[in-house]
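Written below as C-alpha cells is the structure these notes are about.
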Amino acid sequence: MLIADLKDIDKSKIDIYLEKLLDWLVDKAFDIGIALVFIFLGTKLVKLLIKMLKRSFTKAGMESSVLGFLISLIKGALYAVVFIMAAAIMGFQVTSLVTILGTASLAIGLALQGSLANFAGGVLILLMKPFRVGDYIIENDKGCEGEVVSIDIFYTKLKTYDNKIVVIPNGNITANSLINLTAESVRKLDITVGVAYDSDIRLVKTVLDGIIKANEYYEESEEANVFVSSFGESAIIMGVRFYVKTENYWQAKWDVTEQIKLEFDRNNISIPYNQLEVKVTHSNDE
C-alpha cells in the first residue's frame, strides 16, 4: 500500500513538471522561435566570418598549426556568444552565467599564466613578424641561435648549425631582443687581418681590393672598402668590408680569408704572429 502511494506521489510530481514545461513552451513559443532563427542566422554569420578570417590569415603567411588553433579559438568564442544571446532572447538570466564563465576564465588564466604569456608571445610573433620560418636568428636572452624551423603556439623551434633542435618559449623571445641575420637579402662582410709594420700599405690595399673584386660572391652594386683599421702592438690591422647575398655569407667569408693568405704569400706580405723566445742559461756551478 505504501509503495503504491509513493508511485502516485512520484507520478503526480512528474505530471506537474510536464504541465509546467508545456505551459512554459506555449508561453515562450514565440521567443523560442525567434531564438532558433537567431541561432540559425548566427551560425551562418559565424561560418562566413571564420571563412574570411581563414583567408586573411592564409594570405598573411600564418603557420598552418597556429592558424588552425586561432580559428578554433575564435569559432568557439563566437558560437558561445550566439548561444548566450539566444538564451537571453528566450528569457534566461545570462548575467550569472557570464559571471561564472568570467570567474572560471580568470582562475584558469592565473593557473596558466606562463603558458598564456607564451601564447601571447606567439600571437605577437605572427602579427609583428620579427622573423619567419627559414630565418636565422640569435636570441639574446640565452644566446641561442639557429634557423627557425617552426613557430608554434607556445614555442619556437630553431635548428642549430650542428643539426640540434632548440625549443624556446615564445614569451622569452618577445620579452628580449633578438638578431635576425637573414632579414635582408644582402649582408656586409667584415674581415680584419694584421700585416707587418714594414709592409707597403699601398700594395696591401691593392691586393685586398683585388681579392674582393675577384670573389664570385661579391655584390658589385654595393660599396666595398679596404682601409687601415688600427695599429696593433705588433701589426697594422687592415679592414675589408663588402656586401654579399645573405645565403652566401659564410662561403664568401671562408673563400676571402683563404685567398688573403694565398695572395699575401704570393706578394711577400707577412702576417705577424706572437712568438715566444726561450733562452736557456747554464750556471757556472754546472
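Here is how the numbers come out for the structure above:
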item: Extension gain, residue 74 back to residue 213 (0.36 nm per residue minus Cα-Cα distance, nm); result: 44.5 nm
item: Per-pair calculated FRET efficiency, R0 = 45 Å: residue 161 and residue 50 via Cβ, rounded to 0.05; result: 0.65
item: Low-density loop positions, chymotrypsin sites (Phe, Trp or Tyr not before Pro), region 148-193 - DSSP coil, at most 11 other Cβ in 10 Å; result: 161
item: Of the trypsin sites (Lys or Arg not before Pro) in region 135-188, those whose Cβ has at most 11 other Cβ within 10 Å and which sit in DSSP loop; result: 142, 164
item: Which listed pairs, of 129/159; 51/157; 142/164; 47/157, have C-alpha distances above 23 Å, in listed order; result: 51/157; 47/157
item: Part-to-part distance (alpha-carbon centres) for region 149-169 and region 181-245, which is given in Å; result: 34 Å
item: Spin-label pair residue 141/residue 87, simplified geometry with 7 Å Cα→Cβ offset, distance in nm; result: 3.8 nm
item: Inter-label distance for residue 31 and residue 120, nm, one decimal - labels placed 7 Å from Cα along Cα-to-Cβ; result: 3.9 nm
item: Relative contact order %, region 186-266, counting alpha carbon pairs below 8 Å whose residues are six or more apart; result: 42 percent
item: Residue 246/residue 133 FRET efficiency (R0 22 Å; Cβ-Cβ; nearest 0.05); result: 0.90
item: Filtered chymotrypsin sites (Phe, Trp or Tyr not before Pro), region 224-270: DSSP coil and at most 12 other beta carbons within 10 Å; result: none
item: Ranked list, fewest to most other Cβ atoms within 10 Å of each Cβ, for 181, 189, 203; result: 203, 181, 189
item: Residue-span extension gain [residue 266 to residue 59] - 0.36 nm each, minus C-alpha spacing; result: 69.0 nm
item: Inter-label distance for residue 233 and residue 184, nm, one decimal - labels placed 7 Å from Cα along Cα-to-Cβ; result: 3.5 nm
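A short reminder: the numbers here are calculations on the coordinates, not readings from a lab. Note that the structure is predicted; figures quoted are calculated from it, not measured. Backbone-built Cβ (ideal geometry, glycine too); neighbour counts: all protein chains shown.
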